[in-house]
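The values are calculated or read from the model by the stated rules, or taken from the named source; none is laboratory data. This is a predicted model, so every value here is computed, not measured. Virtual Cβ from ideal backbone geometry, glycine too; neighbours counted across all protein chains shown. Note: accessible area is taken over every heavy atom of the protein model, side chains too, but ligands, DNA and RNA are not part of it. Shrake-Rupley method; radii C 1.70, N 1.55, O 1.52, S 1.80 Å.
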Amino acid sequence: MDRILLAHGSGGKLYHQLIEEVFLPAFGNKHLNQLNDSAVCPVANGLIAMTTDSFVVQPLFFPGGDIGRLAVCGTVNDLAMSGATPRYLTLGMIIEADFPFADLKKICASIAEAASEAGVQIVTGDTKVVQKGHGDGIYINTAGVGELSEALDLSQRTIEAGDVIICSGEIASHGIAVMAAREGLGLKPAPLSDVAPLNGLAKALLTVVPQTKALRDPTRGGLASTLNEWAEKAGLTIEIEEEALPINKGVAATCELLGLDPLYVANEGKLLACVPAESADIALAALRSHQYGVKAAIIGKVTKDTAGRLQLATPYGGTRIIDIPAGELLPRIC
Amino acid sequence: MIDLSKRRSPQLINELKRQIELLCQNEVILAYNRPLVIMEVCGTHTASIYRYGIKSILPKQLKLVSGPGCPVCVTTNDILEKALAVACCPEVIFTSFGDMMRVPAASGSLLQRKSEGADIRIVYSPLDALKIAAENPSKQVVFFAIGFETTAPTTAAAIEKAAEKQIKNFSVISVHKTMPEALKLLLPDSKVDGLLCPGHVAAVTGAAAFDFVASELGKASAVAGFEPADIMEAIIAILQSIISGRPVLVNSYPRFVKTEASSYAVAAMNRVFKPCDATWRGLGSIPASGLALREEFAAFDALKRFPEAAQVTGADNPACRCGSVLRGELDPGDCPLMGKVCTPASPAGACMVSGEGACAAYYKYRLK
């Protein structure tokens, strides 16, 4: 059998076969192996952080990653951005009938690899199969639980003038990689997605700079969206420097070609941090010491201006306002 | 390969800025006793000028205005309503360039129709649309062909290929336009002193196609590239031409633009299309400024294939001042709708939709 059938979601024999032959070998651990209605797992004393996210990316496989790695990293990163240590994930899959078994196994292997890298366990899951034509191959939902010994104040409310904005590396890679793959742009070399678990990187930062004021992974909407939100919440204008933004040359060229602004393009393996000016150097050093933060850079600062917006300084001495994105990114005509 | 970063170097920009300031002190320029108006007629120029803040570093004696150079912006609501009607036919896969997707007609946009279930796809080239047609023989694949001489040759190539390979389920709504006739209508009665000619169009038509701007209309002009230094060098050429008292056309973009046309592209365009009258948003009907399919390719005309959709009509939003903006008479910042009623999230007119529209560029890159 090389294709998923409706019966695989029926709860019957094929359903159990799917669990025994695909899911348990990929993700098995003492909590999942119980196959109970819910997983009962220990957590350290303190607080838990919870989050959930759904993944509907097209294409399912793209240079640098796939929907499986994305589904793990997306949820792990949301936990990590609140300062939590991610521990457990749930895995819900909605699969379209006739989906190739080989692709499902590939996605599961990718989930297992990303989970192992992030140090999280898949402890429970659910699978539904929908009629052919009623889905896009596969949709994945993950929910995650993380541990916190104490709550960090990453609420952005303490942001003040003089604080420094740091970006952990080259921006816009994920969005461009997926768009190039989806639209068959045939770029050589193909841009690679940056999808990666950021809990290690976040921990490296928060260990040395616990007074970090804001932490976020700028996914959909890109840097422009996250920094606008911070500026608005703080009631202060954030100014970033065009020249300081780390970006891969190929990604920058693709953005120019398509008429897209990299500040609006999604990232899946980058974080933005707002830290007090006096901690900027050690924050930068901590990020750069981690494999996912080698190209970290200070990209801007919080100003005294109370307009609460995001602006960009051009290399020619001018500034311009960067708004929150209006909607779906659309490539231009010529 | 050309290293474009050199064309953006702050040192070079400062040097060019100094030269422009010097030229603006010339007695010929001072004698105008008002700012000199230089118009750009290419959406990519508009976007570049705003993105790099070029207006903010030029002396007060110069005023840059945007002309009708964004193909999305000059497309009328009437043709858009027809396109929406075609896109909603159940047997149709409708294909379009990305920036057309959000343009609002009275009845909605392509993006809205797509959300409602119409099969509307973004393509990067009409040849991609042709490929979709070959892969979906039971569907009618329609390409919304907009753009100037830059995109018309690729539409022509797709139609010739469709004819050759007998791909009969492919057709186009041709809204292609050509630049010279619009300029001949617009420039004589305008306050424009100099014209930045579109580098992309000139790469196809040859710089000589814009000779008439100086020789017939008496306006200084320069074919310009799209990096900040390219635009500033073209402005210098225009100022020098005005100072000399004998307006000429200068090719300031010789790394891509030749004097003569790209014979392959122009030949393809001429084989498939013939000039026709065309209606431009904000400018009205301009004789011989559009491209219609020749008789032998009439079978690829989507509006003939879908006669009911072709009957649908639409009117431009009367409150929208896009027309004045496109004629260079109104600065986007002076439009009463700007930023209040009309924003990129809910555009009132086409100039706010395309990233290359003067209003969208103004809104996005407005100065502090």
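Details
- When the P(r) is computed for chain A, the part past 34 Å accounts for 28% of the Cα-Cα pairs.
- Placing +1 on the Cβ of every Lys and Arg and -1 on the Cβ of every Asp and Glu, with nothing else charged, gives chain B a dipole about its Cα centre of roughly 700 debye.
- Neighbouring partner chain Cβ atoms per residue of B:359-365, average, 10 Å criterion: 3
- Between helix B:10-24 and chain B: long-axis angle, C-alpha atoms, 0 to 90°, nearest 10: 70
- Listed peptides B:192-203, B:122-133, A:176-187 by packing density, highest first (mean Cβ within 10 Å): B:192-203, B:122-133, A:176-187
- For chain B, radius of gyration divided by Kirkwood radius, i.e. Rg to Rh on alpha-carbons: 0.98
- Taking the 1.4 Å solvent-accessible surface of region A:6-148 as the whole, the part contributed by carbon and sulfur is 53%.
- Only one residue of B:Asn169, B:Ser190, B:Pro228 has its Cα farthest out toward the positive end of the dipole of region B:139-232, where Lys and Arg carry +1 and Asp and Glu -1 on Cβ, and that residue is B:Asn169.
- Considering only A:Met93, A:Tyr264, B:His200, and ranking their Cα positions along the charge dipole of the protein assembly as shown that arises from unit charges at the beta-carbon of Lys, Arg, Asp and Glu, the one farthest toward the positive end is B:His200.
- Normalised radius of gyration (Cα atoms, divided by 2.2 N^0.38 Å) for region B:104-160: 1.25.
- For chain A: relative contact order, % (alpha-carbon pairs under 8 angstrom, 6 or more apart): 22
- Filtered chymotrypsin sites (Phe, Trp or Tyr not before Pro), region B:239-342: DSSP coil and at most 16 other beta carbons within 10 Å: B:Phe256
- Think of the protein assembly as shown as a dipole: +1 on every Lys or Arg Cβ, -1 on every Asp or Glu Cβ, centred on the Cα centre; then among A:His290, B:Ala361, A:Ala280, B:Ala361 lies furthest on the positive end.
- Helix-only mean residue ellipticity at 222 nm for the protein assembly as shown, each DSSP H run of n ≥ 4 adding -39500 (n - 2.57), per residue, nearest 500: -9500 deg cm²/dmol
- Radius 12 Å from Cβ of B:Pro59, net charge of other residues (Lys, Arg +1; Asp, Glu -1): +4
- For the peptides B:68-80, A:125-137, the ranking by packing is B:68-80, A:125-137, with the highest mean count of neighbouring Cβ atoms within 10 Å listed first.
- Rel. contact order, % - alpha carbon contacts under 8 angstrom, at least six apart, chain B: 23
- For the residues of A:84-96, the average number of beta carbons from a partner chain within 10 Å of their own beta carbon is 0.
- Residues whose placed amide H lies under 5 Å from that of B:Asn251, excluding near-sequence neighbours: B:Val223
- Restricting attention to chain A, close to 75% of DSSP beta bridges with both partner residues there are antiparallel.
- Between 0 and 90°, nearest 10: helix B:152-164 axis offset from chain B longest Cα axis: 30
- Based on Cα contacts under 8 Å between residues 6+ apart, region A:179-334 shows a relative contact order of 36 percent.
- Highest-first packing order for the peptide set B:225-231, B:38-44, B:145-151 is B:38-44, B:145-151, B:225-231, based on the mean count of other beta carbon atoms within 10 Å.
- In a DSSP loop and with at most 15 other Cβ atoms within 10 Å, the trypsin sites (Lys or Arg not before Pro) in region A:1-85 are A:Lys30.
- Calculated diffusion of region A:75-160, Stokes-Einstein form, Kirkwood radius summed over Cα pairs, 20 °C and 1.002 mPa s, µm²/s: 145
- Local net charge near A:Gly135, Cβ-Cβ under 12 Å (Lys/Arg +1, Asp/Glu -1): -1
- Scaled to the globular estimate 2.2 N^0.38 Å, the Cα spread of region A:6-148, given as radius of gyration, is 1.02.
- Among beta bridges identified by DSSP and lying wholly in region B:226-368, the antiparallel ones come to about 90 percent.
- Nearest-20 debye value, region A:70-153 charge dipole, Cβ charges on Lys, Arg, Asp, Glu: 320
- A Cβ-based charge dipole, computed about the Cα centre of region B:15-140 with Lys and Arg at +1 and Asp and Glu at -1, lands at about 400 debye.
- When both bridge partners sit in the protein assembly as shown, DSSP labels roughly 55% of those beta bridges antiparallel.
- When Rg and the Kirkwood radius Rh are both evaluated on Cα atoms of the protein assembly as shown, their ratio Rg/Rh stands at 1.01.
- Among the residues of region A:280-327, those with an accessible-area drop of 30 Å² or more from chain alone to full protein complex, heavy atoms and 1.4 Å probe, are A:Tyr316, A:Thr319, A:Arg320, A:Ile321, A:Asp323, A:Ala326.
- Mean per-residue shielding of peptide B:52-58 is 4, counting Cβ atoms of other chains within 10 Å of each Cβ.
- Between A and B, buried accessible area from a 1.4 angstrom probe totals roughly 2700 Å², ignoring ligands, DNA and RNA.
- Its Cα gyration tensor gives region B:232-290 an equivalent ellipsoid; the semi-axes, largest first and in whole Å, are 30, 20, 10.
- Shape analysis of region A:164-321 places it in the oblate category; the axes a ≥ b ≥ c from the Cα gyration tensor give an a/c of at least 1.5, with a/b not above b/c.
- A:Leu245 sits among other residues whose Cβ lies under 15 Å from its own Cβ, and their net charge, with Lys and Arg +1 and Asp and Glu -1, is -1.
- Estimated translational diffusion coefficient (Stokes-Einstein, Kirkwood radius over Cα pairs, 37 °C, 0.692 mPa s) of region A:109-215: 182 µm² per second.
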